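Trainee: Structure incoming, see below.
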Amino acid sequence: AKALEYLKKAENIRLALDDKPGLAETYNVVNDVLFRQGKTEQSLQYIQKYYDIAVETGDLKYQQRAFRDFSRAYAAMGDFASAYTYRVRYD
């Protein structure tokens, strides 16, 4: 619970600074925390957020990381077709 509280503060700071790379990192960590808590559908929202920023900023590392995280999340939800599609994009 504390981790998400601090990540929310980090998000607000990064938004105020218009720090898109930092915001992508924050959303990536939020995704990881939520996924570990079993909140897979919520984690998908944060994967999408940091993926969108990665596309906007041309950050290929975070685009690839998003494909891995999408694959992991969809597999956890039992959507193996989507998981496979993202895994192929990741590879």
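Trainee: Report, in degrees rounded to the nearest 10, the 0 to 90 angle that the Cα long axis of helix 60-76 makes with the longest principal axis of the chain.
Mentor: 60
Trainee: Sticking with this one: P(r) for the chain: what percent of alpha-carbon pairs falls in each 10 Å bin, starting at zero?
Mentor: The distribution over the chain is 19, 48, 27, 6, given as percents.
Trainee: For the chain, take the longest principal axis of its alpha carbons; what is the angle in degrees between that and the long axis of helix 20-36, to the nearest 10 within 0 to 90?
Mentor: Here the helix axis deviates by roughly 60 degrees.
Trainee: Next question, about the same structure. Please get the size of the charge dipole for the chain, origin at its Cα centre, with Cβ charges of +1 on Lys and Arg and -1 on Asp and Glu, quoted in debye to the nearest 20.
Mentor: Rounded to the nearest 20 debye, it is 260 debye.
Trainee: Here is a further query. At 1.4 Å probe size, with every protein chain present, just tell me what the per residue accessible area of the chain comes to in Å².
Mentor: 61
Trainee: To the nearest Å, what is the center-to-center distance of region 1-29 and region 51-91, using C-alpha atoms only?
Mentor: If we compute the Cα centre of each part, the gap is 20 Å.
Trainee: Dipole of region 1-55 (Lys/Arg Cβ +1, Asp/Glu Cβ -1, origin at the Cα centre): which of Leu15, Gln37, Gln48 lies farthest to the positive side?
Mentor: Gln37
Trainee: Divide by every residue of the chain the summed helix terms, -39500 (n - 2.57) for each DSSP H run of at least 4, and state the resulting mean residue ellipticity at 222 nm, rounded to the nearest 500 deg cm²/dmol.
Mentor: -28500 deg cm²/dmol
Trainee: What is the angle, in °, between the Cα long axis of helix 80-90 and the longest principal axis of the Cα atoms in the chain? Nearest 10 is fine, range 0 to 90.
Mentor: The angle comes out near 60 degrees.
The values are calculated or read from the model by the stated rules, or taken from the named source; none is laboratory data. This structure is a prediction, so every number in the text was calculated from the model and none was measured. Ideal geometry is used to build each Cβ from the backbone, glycine not excepted, and the neighbour counts take in all protein chains shown. Areas reflect the complete protein model, heavy atoms only, side chains present, ligands, DNA and RNA absent. Shrake-Rupley method; radii C 1.70, N 1.55, O 1.52, S 1.80 Å.
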